[in-house]
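Notes for the one structure printed next.
The values are calculated or read from the model by the stated rules, or taken from the named source; none is laboratory data. Note that the structure is predicted; figures quoted are calculated from it, not measured. When we count neighbours, we look across all protein chains shown, and the Cβ atoms used for this are built from the backbone with ideal geometry, even at glycine. What goes into the accessible areas is simple: the full protein's heavy atoms, side chains included, and nothing from ligands, DNA or RNA. Shrake-Rupley method; radii C 1.70, N 1.55, O 1.52, S 1.80 Å.
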Amino acid sequence: MGIIAWILIGLLAGAIAKMLMPGKDPGGIIVTMLIGIAGGLLGGWLGKVIFGVDSIDGFFDLSTWIAAIVGSLILLAIYRVVVGNRHSHRHA
């Protein structure tokens, strides 16, 4: 897949991850897209390492989307913990 496809998957997977994990997030659409792109790569890597499958096959493959969304959820949770702690200490 090309870089444009990864950006599009990242944007959509990041948005889906935010819908599945509601709450306040510091950061806008750029952060969402970056988390989604990195989440897609993380999800694909985890799928290969843990399950031995190539989960990043193509733009329209369900495994690609599941991997991207799961990876985005993982990174979004980590992002909230790291950035949330930083903001709570600053305003305390």
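Overview of values
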{"quantity": "Flag if ILE66 is assigned to a helix (DSSP H, G or I), modelled with pLDDT under 80 and open to solvent by 70 Å² or more (accessible area, probe 1.4 Å)", "calculated": "no"}
{"quantity": "Residues satisfying the stated conditions in the stretch 15-26, i.e. open to solvent by 40 Å² or more (accessible area, probe 1.4 Å) and touching a residue at least 24 places away in the same chain (Cβ under 8 Å)", "calculated": "ILE16, LYS18, LEU20, MET21, GLY23, PRO26"}
